[in-house]
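Only one structure is covered here, and it is reproduced in the block below.
The values are calculated or read from the model by the stated rules, or taken from the named source; none is laboratory data. Values in this document were obtained by computation on a predicted structure and should not be read as measured data. Here Cβ is always computed from backbone atoms with ideal geometry, including for glycine, and neighbour counts include all displayed protein chains. Calculation scope for accessible area: heavy atoms of the full protein, side chains included, ligands and nucleic acids excluded. Shrake-Rupley method; radii C 1.70, N 1.55, O 1.52, S 1.80 Å.
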Amino acid sequence: MPIRTTSILSLLAVSLGAGAAHASSGDAWEEFRADVSAKCVAAAESLEDVSAIVDPFGTESYGVALVSGKPKGGQGNVTQICVYDKQTKAVELGGEIGAQVIPASKP
């Protein structure tokens, strides 16, 4: 009889752990997206009224976002590609792409 109780408790522990891992996974992806957005927006120092559209999961190694805004002292809107290294959490921005190439508007 003790073996059966141990088996039931083990099964219960595993099933509860799986549910917690699943929930934290969703939370982890939300945290990832928030970090990519915040760091990409902060890196876009040459822009005003900045917004970011984050790829929900990125690639295996990188987070990716499109950062849009108005150039400081300029006209119109531009978009920059932001790459976030998942290991170091560092970001890099590409050059400004004008609205004639990508319609840059806030989501």
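How many residues are assigned to a helix (DSSP H, G or I) and not basic (Lys, Arg) if we restrict to region 23-79?
Let us first name the residues in region 23-79 that are assigned to a helix (DSSP H, G or I), namely 23-43.
Those still in the list that are not basic (Lys, Arg) too: 23-32, 34-38, 40-43.
The qualifying residues number 19.
Consider only pairs whose beta carbons are under 6 Å apart and that are at least six residues apart or on different chains; among these, list those whose first residue lies in region 86-99 and is within 21 Å of residue 31 (Cα to Cα) and whose second residue is surrounded by 12 or more Cβ atoms within 10 Å (Cβ to Cβ) and of a type in the set (S, T, N, Q).
Qualifying pairs under 6 Å: 93/80.
Filter region 58-87 for residues that are open to solvent by 20 Å² or more (accessible area, probe 1.4 Å) and of a type in the set (Val, Ile, Thr) and give the result.
The answer is 59, 64, 81, 83.
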